[in-house]
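Right, one structure below, let's go through it.
Derivation of every value follows stated rules applied to the coordinates shown; laboratory data play no part. It should be emphasised that the depicted structure is a prediction, and the values quoted were computed from it without experimental measurement. Ideal geometry is used to build each Cβ from the backbone, glycine not excepted, and the neighbour counts take in all protein chains shown.
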Amino acid sequence: MSNISRERIIETAANLSNKAGLENLSLKMIAEELKIKSPSLYNHVSSLDDIKKQLMLYGWKQIETLTIEAAVGVTGYEALKNMCYAFYDYAINNKGIFTAMLWYNKYESIEKENATRKLFEMIFKVMKTVNISDENINHIIRTLRSFLEGFSLLVNNNAFGNPVSIKESFDLSLEIIINGIKTLEGTE
């Protein structure tokens, strides 16, 4: 049992959930991948639900880092657009982790709030540069989250059967949202 840690277990679970799907993830599967017996996992995690909760936090921290990096060097709507593309790319390239992230509610615990604190702060800063009120920024965050999570979920489940380009649909949808946000500039 060399180098088994909570972090290694979560990373292994993340890789397996991306390959096999979160719904197929099991303690046995994780243990086999780590070449240990399942009961040994309990030295580091309390249950499969604990692992899934940690996967949710792991995913949100990764998305937070990627979206903030995407906004470096640009401002305003360009920063917001880059952040949205970073989120979308992560979500469709990490289907298992993203599935674990879907039911995130930052108000459930300090741990969950801390997982996305910098992300929400960055969105606030970006929106403030284009003169959007705090109340409207909160509405915008809900709109963006609904769009990004919903669109990604549909892509990940092959729910767009129409042959029209999914990328073009995403681009157009994001442009529509940004144009809508622009109407809120300077409003209270």
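In the set 19, 52, 81, only one residue is more than 20 Å from residue 111 (Cβ to Cβ), touching a Leu at 6+ places or on another chain (Cβ under 9 Å) and either surrounded by 17 or more Cβ atoms within 10 Å (Cβ to Cβ) or of a type outside the set (A, V, I, L, M, F, W, C) (or both); that residue is 81.
β-branched (Val, Ile, Thr) and not in a helix (DSSP H, G or I): is that true of residue 164 in this structure? So residue 164 fits the description; yes.
Does any residue of the range 120-140 turn out to be outside any loop (DSSP other than H, G, I, E, B) and farther than 21 Å from residue 184 by Cβ?
Checked the range 120-140: no residue is outside any loop (DSSP other than H, G, I, E, B) and farther than 21 Å from residue 184 by Cβ.
When residues in the range 141-155 are screened for being among the hydrophobic types (A, V, I, L, M, F, W, C) and under 15 Å from residue 175 (Cβ atoms), 4 of them pass. All of (1) surrounded by 13 or more Cβ atoms within 10 Å (Cβ to Cβ); (2) touching a helix residue (DSSP H, G or I) at 6+ places or on another chain (Cβ under 8 Å); (3) not in a helix (DSSP H, G or I) hold for residue 107 with one exception: (1).
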